[in-house]
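Since every read-out is calculated from the coordinates, none of them should be taken as a lab result. In this text the structure is predicted, and so the values were computed from the model without any measurement. Neighbour counts are summed over all protein chains in view; Cβ atoms, including those assigned to glycine, are modelled from backbone coordinates with ideal geometry.
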C-alpha cells in the first residue's frame with residue numbers, strides 16, 4: 001500500500017493518540033508518548049503489525065500518544081491508513 005497524501009486521525013485527549021501520515025520514500029516511524037520510557041517498544045510493535053497487515057512499505061508515520069491502549073492504537077492507525085489511500 002502507498003500513502004498517497006498527508007492525513008491524520010485521533011485526538012489529544014487522555015488515553016488516546018494522534019496519528020499523522022504523509023508520503024515518503026522510505027518507511028519511518030516516530031513516536032512521542034507520555035509513557036514512552038515504559039512502553040515505546042510495545043507501541044512500535046503494534047504500529048509495525050498494522051503497517052504489515054496493510055502492506056505499507058513507505059511513508060512517514062508519526063504518533064503522539066497520551067496513554068492509548070492497543071485497540072485505540074490499531075483503530076487510529078487503520079483510520080489514517082484508509083484516509084491516506086483515498087484519491
| query | Just a yes or no: is a residue in the range 33-43 without any contact (Cβ under 8 Å) to a residue 40 or more places away in the chain, within 11 Å of the chain's Cα centre (by Cα) and over 20 Å from residue 84 (Cα atoms)? | reply | yes
| Looking at (1) surrounded by fewer than 17 Cβ atoms within 10 Å (Cβ to Cβ); (2) in a loop (DSSP other than H, G, I, E, B), which is the one condition that is false for residue 68? | (1)
| query | Among the residues of the range 44-59 satisfying the criterion of being touching a strand residue (DSSP E or B) at 6+ places or on another chain (Cβ under 9 Å) and in contact (Cβ under 8 Å) with a residue 40 or more places away in the chain, which is surrounded by the most Cβ atoms within 10 Å (Cβ to Cβ)? | reply | 59
| request: For residues that are within 21 Å of residue 4 (Cβ to Cβ) and in contact with a helix residue (DSSP H, G or I) (Cβ under 9 Å, 6 or more places away or on another chain), tally how many sit in the range 40-73. | output: 10
| Counting only residues that are exposed (fewer than 14 other Cβ atoms within 10 Å of the Cβ) and either assigned to a helix (DSSP H, G or I) or in contact with a strand residue (DSSP E or B) (Cβ under 9 Å, 6 or more places away or on another chain) (or both), how many does the range 12-33 have? | 8
